[in-house]
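All remarks here apply to the structure that follows.
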Amino acid sequence: MKSIPSRWFQSLCGFLAFVGITVTAPVAAADKGVEVQWLGHATFKITSVKGRVILIDPYLTKNPKAPEKYKDLAALGKIDLILVTHAHGDHVGDGPELAKRHDVPLYGPAGLNDTLLALDLLPQKLSPRFNKGGVIQPLGADIRITMTRAEHSSEFRWKNPETGKTEIHVGGEPAGFIVELENGFRIYHMGDTGLFGDMKFIGEYYKPDLVLIPIGGHFVLSPTDAAYATSNYLKPRFAIPMHYGTNPHLKGTPEEYVRALGKTSTQVLDMKPGDSRRF
(Lines give C-alpha, C1' and ligand atoms only; values in the text may rest on other atoms or scores of the structure.)
Protein backbone atom coordinates (compact mmCIF):
# COMPACT_ATOMS: atom_id res chain seq x y z
CA MET A 1 0.00 0.00 0.00
CA LYS A 2 1.37 3.45 -0.93
CA SER A 3 1.93 5.95 1.85
CA ILE A 4 0.00 9.23 1.86
CA PRO A 5 2.23 12.32 1.40
CA SER A 6 2.44 14.22 4.69
CA ARG A 7 0.95 17.48 3.28
CA TRP A 8 -2.11 15.56 2.01
CA PHE A 9 -2.42 13.78 5.32
CA GLN A 10 -2.33 17.11 7.19
CA SER A 11 -5.01 18.57 4.90
CA LEU A 12 -7.18 15.49 5.40
CA CYS A 13 -6.78 15.71 9.18
CA GLY A 14 -7.74 19.40 9.08
CA PHE A 15 -10.93 18.67 7.13
CA LEU A 16 -11.92 15.74 9.37
CA ALA A 17 -11.28 17.81 12.47
CA PHE A 18 -13.57 20.49 11.01
CA VAL A 19 -16.39 17.93 10.76
CA GLY A 20 -15.65 16.55 14.23
CA ILE A 21 -13.54 13.44 13.47
CA THR A 22 -10.10 12.98 15.10
CA VAL A 23 -7.41 11.04 13.24
CA THR A 24 -4.15 9.76 14.75
CA ALA A 25 -1.15 9.55 12.46
CA PRO A 26 0.25 6.03 11.96
CA VAL A 27 3.47 5.30 13.86
CA ALA A 28 6.22 3.56 11.94
CA ALA A 29 7.88 0.63 13.70
CA ALA A 30 11.22 1.71 15.17
CA ASP A 31 14.28 0.07 13.71
CA LYS A 32 15.99 -1.26 16.80
CA GLY A 33 18.92 -2.64 14.86
CA VAL A 34 20.80 -5.84 15.65
CA GLU A 35 21.38 -6.83 19.27
CA VAL A 36 24.43 -8.89 20.24
CA GLN A 37 24.71 -10.27 23.77
CA TRP A 38 27.85 -11.95 25.10
CA LEU A 39 27.24 -14.70 27.65
CA GLY A 40 30.87 -15.52 28.42
CA HIS A 41 33.52 -17.63 26.66
CA ALA A 42 32.38 -18.01 23.00
CA THR A 43 28.62 -17.89 23.66
CA PHE A 44 26.64 -15.18 21.88
CA LYS A 45 22.95 -14.49 21.48
CA ILE A 46 22.14 -12.48 18.35
CA THR A 47 18.73 -10.89 17.88
CA SER A 48 18.07 -9.76 14.33
CA VAL A 49 16.24 -6.65 13.16
CA LYS A 50 13.05 -8.70 12.84
CA GLY A 51 13.49 -10.36 16.23
CA ARG A 52 14.87 -13.72 15.12
CA VAL A 53 17.25 -15.18 17.70
CA ILE A 54 20.47 -17.05 16.87
CA LEU A 55 22.50 -18.67 19.66
CA ILE A 56 26.15 -19.49 18.91
CA ASP A 57 28.25 -21.97 20.94
CA PRO A 58 25.73 -22.30 23.80
CA TYR A 59 28.07 -23.19 26.68
CA LEU A 60 26.08 -22.02 29.69
CA THR A 61 25.32 -24.39 32.58
CA LYS A 62 29.01 -25.37 33.02
CA ASN A 63 30.48 -22.05 31.88
CA PRO A 64 32.29 -20.38 34.83
CA LYS A 65 31.85 -16.95 33.24
CA ALA A 66 28.20 -17.23 32.23
CA PRO A 67 25.93 -14.98 34.32
CA GLU A 68 24.16 -17.06 36.96
CA LYS A 69 20.80 -16.03 35.53
CA TYR A 70 21.47 -17.84 32.25
CA LYS A 71 22.45 -21.11 33.88
CA ASP A 72 18.69 -21.49 34.01
CA LEU A 73 18.27 -22.09 30.29
CA ALA A 74 14.68 -20.83 30.37
CA ALA A 75 16.10 -17.33 30.96
CA LEU A 76 17.32 -17.25 27.35
CA GLY A 77 13.76 -16.86 26.11
CA LYS A 78 12.93 -17.58 22.48
CA ILE A 79 15.55 -19.25 20.27
CA ASP A 80 15.13 -19.74 16.52
CA LEU A 81 18.47 -21.27 15.54
CA ILE A 82 21.61 -22.73 17.15
CA LEU A 83 25.08 -22.64 15.58
CA VAL A 84 28.06 -24.62 16.94
CA THR A 85 31.57 -23.96 15.64
CA HIS A 86 33.13 -27.29 16.66
CA ALA A 87 32.73 -30.38 18.84
CA HIS A 88 34.54 -29.41 22.04
CA GLY A 89 32.37 -29.40 25.15
CA ASP A 90 32.87 -25.70 25.83
CA HIS A 91 31.20 -24.96 22.48
CA VAL A 92 28.60 -27.71 22.00
CA GLY A 93 27.68 -27.08 25.63
CA ASP A 94 23.90 -27.11 26.13
CA GLY A 95 23.20 -27.09 22.39
CA PRO A 96 21.43 -30.46 22.06
CA GLU A 97 19.21 -29.81 25.08
CA LEU A 98 18.26 -26.35 23.81
CA ALA A 99 17.60 -27.62 20.29
CA LYS A 100 15.14 -30.20 21.65
CA ARG A 101 13.57 -27.79 24.11
CA HIS A 102 12.85 -25.18 21.42
CA ASP A 103 12.41 -27.64 18.54
CA VAL A 104 14.97 -25.75 16.43
CA PRO A 105 17.87 -27.00 14.29
CA LEU A 106 21.44 -27.10 15.55
CA TYR A 107 23.89 -26.50 12.69
CA GLY A 108 27.55 -27.38 13.10
CA PRO A 109 30.31 -29.10 11.12
CA ALA A 110 28.85 -32.06 9.23
CA GLY A 111 30.85 -34.65 11.15
CA LEU A 112 29.66 -33.30 14.49
CA ASN A 113 26.03 -33.43 13.41
CA ASP A 114 26.50 -37.03 12.23
CA THR A 115 27.85 -37.92 15.67
CA LEU A 116 25.04 -36.19 17.55
CA LEU A 117 22.60 -38.19 15.44
CA ALA A 118 24.47 -41.50 15.79
CA LEU A 119 24.68 -41.17 19.58
CA ASP A 120 20.96 -40.33 19.71
CA LEU A 121 21.67 -36.91 21.21
CA LEU A 122 19.54 -35.23 18.54
CA PRO A 123 16.94 -36.45 16.06
CA GLN A 124 17.53 -36.12 12.31
CA LYS A 125 15.34 -33.03 11.86
CA LEU A 126 17.29 -31.08 14.50
CA SER A 127 20.76 -32.13 13.31
CA PRO A 128 21.05 -30.99 9.66
CA ARG A 129 24.44 -31.10 7.93
CA PHE A 130 26.40 -28.47 6.03
CA ASN A 131 30.03 -27.63 5.58
CA LYS A 132 32.66 -25.00 4.85
CA GLY A 133 31.71 -22.67 2.02
CA GLY A 134 28.08 -23.70 2.35
CA VAL A 135 25.39 -21.05 2.78
CA ILE A 136 22.19 -21.78 4.70
CA GLN A 137 19.04 -19.68 5.10
CA PRO A 138 16.98 -21.55 7.72
CA LEU A 139 15.36 -18.33 8.97
CA GLY A 140 14.32 -17.03 5.56
CA ALA A 141 15.93 -15.50 2.51
CA ASP A 142 16.97 -12.31 4.30
CA ILE A 143 19.42 -14.01 6.73
CA ARG A 144 22.45 -15.81 5.25
CA ILE A 145 24.87 -17.96 7.25
CA THR A 146 28.14 -19.09 5.70
CA MET A 147 30.51 -21.61 7.28
CA THR A 148 34.17 -20.59 7.08
CA ARG A 149 37.51 -22.14 7.92
CA ALA A 150 39.01 -22.18 11.44
CA GLU A 151 42.42 -23.48 12.49
CA HIS A 152 41.78 -25.77 15.48
CA SER A 153 40.68 -29.35 16.32
CA SER A 154 37.21 -30.80 16.88
CA GLU A 155 36.91 -34.04 18.86
CA PHE A 156 33.60 -34.91 20.52
CA ARG A 157 34.13 -36.24 24.04
CA TRP A 158 31.18 -38.30 25.30
CA LYS A 159 30.60 -40.35 28.45
CA ASN A 160 28.91 -43.61 27.53
CA PRO A 161 26.00 -44.06 29.97
CA GLU A 162 26.17 -47.86 29.66
CA THR A 163 29.90 -48.29 30.37
CA GLY A 164 30.58 -45.10 32.30
CA LYS A 165 33.68 -44.63 30.15
CA THR A 166 34.62 -41.52 28.18
CA GLU A 167 34.74 -42.01 24.41
CA ILE A 168 36.14 -39.76 21.68
CA HIS A 169 34.02 -39.46 18.53
CA VAL A 170 34.24 -37.69 15.17
CA GLY A 171 33.53 -33.98 15.50
CA GLY A 172 33.98 -32.76 11.95
CA GLU A 173 36.39 -29.94 11.15
CA PRO A 174 36.32 -26.74 13.22
CA ALA A 175 34.65 -23.74 11.65
CA GLY A 176 33.60 -20.12 11.95
CA PHE A 177 30.40 -18.46 10.76
CA ILE A 178 29.57 -15.33 8.78
CA VAL A 179 26.06 -14.26 9.81
CA GLU A 180 24.51 -11.68 7.48
CA LEU A 181 21.30 -10.20 8.89
CA GLU A 182 18.28 -8.51 7.28
CA ASN A 183 19.83 -5.04 7.24
CA GLY A 184 23.11 -6.27 5.72
CA PHE A 185 25.05 -6.17 9.01
CA ARG A 186 27.66 -8.96 8.98
CA ILE A 187 28.97 -10.73 12.06
CA TYR A 188 31.99 -13.04 11.90
CA HIS A 189 32.12 -15.52 14.79
CA MET A 190 35.61 -16.92 14.35
CA GLY A 191 35.15 -19.98 16.55
CA ASP A 192 38.33 -21.33 18.13
CA THR A 193 41.21 -20.60 15.80
CA GLY A 194 44.85 -19.79 15.38
CA LEU A 195 46.20 -17.32 12.86
CA PHE A 196 45.94 -18.33 9.18
CA GLY A 197 46.47 -16.43 5.94
CA ASP A 198 42.96 -16.97 4.58
CA MET A 199 41.68 -14.56 7.21
CA LYS A 200 42.74 -11.91 4.72
CA PHE A 201 40.43 -13.46 2.12
CA ILE A 202 37.58 -13.60 4.67
CA GLY A 203 38.08 -9.93 5.47
CA GLU A 204 38.22 -8.84 1.83
CA TYR A 205 35.41 -11.05 0.54
CA TYR A 206 32.86 -11.06 3.37
CA LYS A 207 33.74 -7.63 4.83
CA PRO A 208 32.47 -8.31 8.37
CA ASP A 209 31.18 -5.33 10.33
CA LEU A 210 31.66 -7.06 13.68
CA VAL A 211 34.25 -9.73 14.55
CA LEU A 212 33.87 -11.98 17.60
CA ILE A 213 37.52 -12.88 18.12
CA PRO A 214 39.23 -15.30 20.54
CA ILE A 215 42.18 -13.80 22.43
CA GLY A 216 42.97 -16.21 25.29
CA GLY A 217 46.06 -17.88 23.80
CA HIS A 218 47.25 -21.49 24.34
CA PHE A 219 44.33 -23.09 22.45
CA VAL A 220 43.42 -20.04 20.35
CA LEU A 221 44.82 -16.72 19.15
CA SER A 222 46.93 -14.75 21.59
CA PRO A 223 46.10 -11.05 22.06
CA THR A 224 49.05 -10.18 19.78
CA ASP A 225 47.99 -12.57 17.02
CA ALA A 226 44.37 -11.46 17.37
CA ALA A 227 45.47 -7.85 16.96
CA TYR A 228 47.47 -8.73 13.84
CA ALA A 229 44.45 -10.50 12.32
CA THR A 230 42.20 -7.56 13.18
CA SER A 231 44.46 -4.85 11.76
CA ASN A 232 45.95 -6.61 8.75
CA TYR A 233 43.36 -9.13 7.62
CA LEU A 234 39.83 -8.49 8.86
CA LYS A 235 39.61 -4.71 9.41
CA PRO A 236 36.11 -4.72 10.94
CA ARG A 237 34.29 -1.68 12.28
CA PHE A 238 33.82 -3.41 15.64
CA ALA A 239 35.45 -6.26 17.57
CA ILE A 240 34.39 -8.12 20.70
CA PRO A 241 37.17 -10.19 22.32
CA MET A 242 36.08 -13.61 23.59
CA HIS A 243 37.37 -17.00 24.76
CA TYR A 244 39.57 -15.80 27.60
CA GLY A 245 39.64 -16.14 31.37
CA THR A 246 37.52 -19.29 31.62
CA ASN A 247 40.40 -21.65 32.44
CA PRO A 248 43.99 -21.11 33.63
CA HIS A 249 45.43 -21.62 30.13
CA LEU A 250 43.44 -18.75 28.61
CA LYS A 251 45.56 -15.92 30.01
CA GLY A 252 45.09 -13.30 27.29
CA THR A 253 43.14 -10.18 28.26
CA PRO A 254 41.22 -7.48 26.38
CA GLU A 255 43.71 -4.91 27.70
CA GLU A 256 46.58 -6.78 26.02
CA TYR A 257 44.57 -7.02 22.82
CA VAL A 258 43.85 -3.28 22.78
CA ARG A 259 47.51 -2.45 23.48
CA ALA A 260 48.65 -4.75 20.68
CA LEU A 261 46.17 -3.11 18.27
CA GLY A 262 47.57 0.35 18.90
CA LYS A 263 46.08 3.03 16.67
CA THR A 264 43.20 1.45 14.77
CA SER A 265 39.91 2.25 13.10
CA THR A 266 38.33 -0.82 14.74
CA GLN A 267 36.29 -0.06 17.85
CA VAL A 268 36.93 -2.71 20.52
CA LEU A 269 33.84 -3.10 22.69
CA ASP A 270 34.42 -3.44 26.41
CA MET A 271 31.80 -6.04 27.34
CA LYS A 272 31.27 -8.18 30.40
CA PRO A 273 29.37 -11.49 30.30
CA GLY A 274 25.68 -10.65 30.11
CA ASP A 275 26.23 -7.27 28.41
CA SER A 276 24.53 -6.55 25.10
CA ARG A 277 25.10 -4.01 22.36
CA ARG A 278 22.93 -2.75 19.51
CA PHE A 279 24.29 -2.01 16.05
Query raised in the report: Is it true that Pro223 is surrounded by fewer than 21 Cβ atoms within 10 Å (Cβ to Cβ) and farther than 20 Å from Arg277 by Cα?
Result: no
Query raised in the report: What residue, among those in segment 133-188 that are hydroxyl-bearing (Ser, Thr, Tyr) and in a strand (DSSP E or B), is surrounded by the fewest Cβ atoms within 10 Å (Cβ to Cβ)?
Result: Thr166
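I'm trying to understand the selection: among the residues of segment 269-279, which are of a type in the set (D, E, K, R) and outside any loop (DSSP other than H, G, I, E, B)? Give the derivation first.
We begin by selecting, within segment 269-279, every residue of a type in the set (D, E, K, R); these are 270, 272, 275, 277-278.
Selection gives Arg277, Arg278.
Only one of Lys69, Lys50 is under 28 Å from Leu250 (Cα atoms), out of contact with any Phe, Trp or Tyr (no Cβ under 6 Å at 6 or more places or on another chain), modelled with pLDDT of 95 or more and surrounded by fewer than 21 Cβ atoms within 10 Å (Cβ to Cβ). Can you tell me which? Break it down stepwise before answering.
Numbers: Lys50 fails: under 28 Å from Leu250 (Cα atoms).
Within the list Lys69, Lys50, the selection yields Lys69.
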Query raised in the report: What residue, among those in segment 232-279 that are within 27 Å of Lys69 (Cβ to Cβ) and β-branched (Val, Ile, Thr), is surrounded by the fewest Cβ atoms within 10 Å (Cβ to Cβ)?
Result: Thr253
Query - Counted residues, segment 93-113 - those being in contact with a strand residue (DSSP E or B) (Cβ under 7 Å, 6 or more places away or on another chain), assigned to a helix (DSSP H, G or I) and more than 17 Å from Asp72 (Cα to Cα) - result: 3
Query raised in the report: Got a number for residues in segment 228-268 being closer than 21 Å to Met199 by Cα and assigned to a loop (DSSP other than H, G, I, E, B)?
Result: 11
Query raised in the report: How many residues does segment 238-272 hold that are out of contact with any Pro (no Cβ under 8 Å at 6 or more places or on another chain) and among the small types (Gly, Ala, Ser)?
Result: 4
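The values are calculated or read from the model by the stated rules, or taken from the named source; none is laboratory data. Here the structure is a predicted model, which means the values were calculated and not measured. Note: ideal-geometry Cβ built from the backbone for every residue, glycine included; neighbour counts use all protein chains shown.
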